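See below for the structure under consideration.
The values are calculated or read from the model by the stated rules, or taken from the named source; none is laboratory data. For clarity, every value in this text was computed on a predicted model and none was experimentally measured. We place every Cβ from the backbone using ideal geometry, glycine too, and count neighbours over all the protein chains shown. Side chains are part of the model used for accessible areas, which takes the heavy atoms of the whole protein and leaves out ligands, DNA and RNA. Shrake-Rupley method; radii C 1.70, N 1.55, O 1.52, S 1.80 Å.
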Amino acid sequence: MIALGCDHGGFVLKEAIKKYLEEKNIEYKDFGTYSEESVNYAPYAYRVAKAVADGKAEKGILCCGTGIGISIAANKVKGIRAAVCTNEFCAEMTRKHNDSNILCMGGRVIDAEKAVRLVDIYLNTEFEGGRHIPRINEIAAIENGEEL
Ligand code: RB5
């Protein structure tokens with residue numbers, strides 16, 4: 001299951017992504033928001049991030065105006081590696097190198113067509129492992145209060 005969330009600035013992207021997931025028969029849960037009425041992004045980031053961190057969702061997708069605020073909020077949840085992506089290269093590399101588990105995008109930065117392309121790449125790219133594993137482990141060490 002893919003967990004989806006957005007604020008008003010990312011609503012249009014989220015709706016386009018839902019359509020893509022339906023066409024591909026990919027199961028998803030929409031955590032809102034459900035309109036373009038102004039809302040704060042942190043609660044949506046939190047609900048999606050919790051679903052991913054708890055293993056209820058394989059991956060998450062979050063959209064706000066820039067993708068930045070919602071990613072900062074999601075990254076406060078332990079186990080989350082949320083990445084803001086604005087192009088195809090970043091969507092691919094953040095899976096291959098960062099094993100990122102939430103893709104964040106901005107509705108005021110990219111259009112829906114591009115967002116769907118990034119989602120397609122993101123969901124179809126595997127983590128490379130190898131030399132990137134200790135790097136991911138160091139991120140987890142920071143979360144655990146360890147000194148690096
Ligand atoms: C909302 O106006 C906007 O600040 C929000 O969508 C996001 O871009 C924050 O990072």
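The figures follow:
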{"read-out": "Listed residue (V12, N87, G55) projecting farthest to the positive dipole end of the chain, Cβ model", "value": "G55"}
{"read-out": "Sparse-neighbour loop sites [GluC sites (Glu not before Pro); region 45-148; at most 16 other C-beta within 10 Å; DSSP]", "value": "E58, E126, E128, E146, E147"}
{"read-out": "Charge dipole magnitude, Cβ of K and R +1, D and E -1 - the chain, Cα centre, debye nearest 20", "value": "120 debye"}
{"read-out": "Carbon/sulfur fraction of accessible area - region 19-148, other protein chains in place, 1.4 Å, %", "value": "48 percent"}
{"read-out": "Stokes-Einstein D for region 3-99, Kirkwood Rh over Cα pairs, 25 °C, 0.890 mPa s (µm²/s)", "value": "184 µm²/s"}
{"read-out": "Whichever lysines have a C-alpha closer than 20 Å to that of K96, once near sequence neighbours (fewer than 8 apart) are set aside", "value": "K59, K114"}
{"read-out": "At most 16 other Cβ within 10 Å, DSSP loop - chymotrypsin sites (Phe, Trp or Tyr not before Pro), region 88-148", "value": "F127"}
{"read-out": "For peptides 49-57, 36-44, sequence by mean Cβ density within 10 Å, most packed first", "value": "49-57, 36-44"}
{"read-out": "Scaled radius of gyration (Cα, divided by 2.2 N^0.38 Å) that region 62-107 gives", "value": "1.04"}
{"read-out": "Gap separating the Cα centres of region 45-89 and region 2-18, nearest whole Å", "value": "12 Å"}
{"read-out": "Whether region 74-148 is rounded, prolate or oblate, judged on the alpha carbon gyration tensor where a/c under 1.5 counts as rounded", "value": "oblate"}
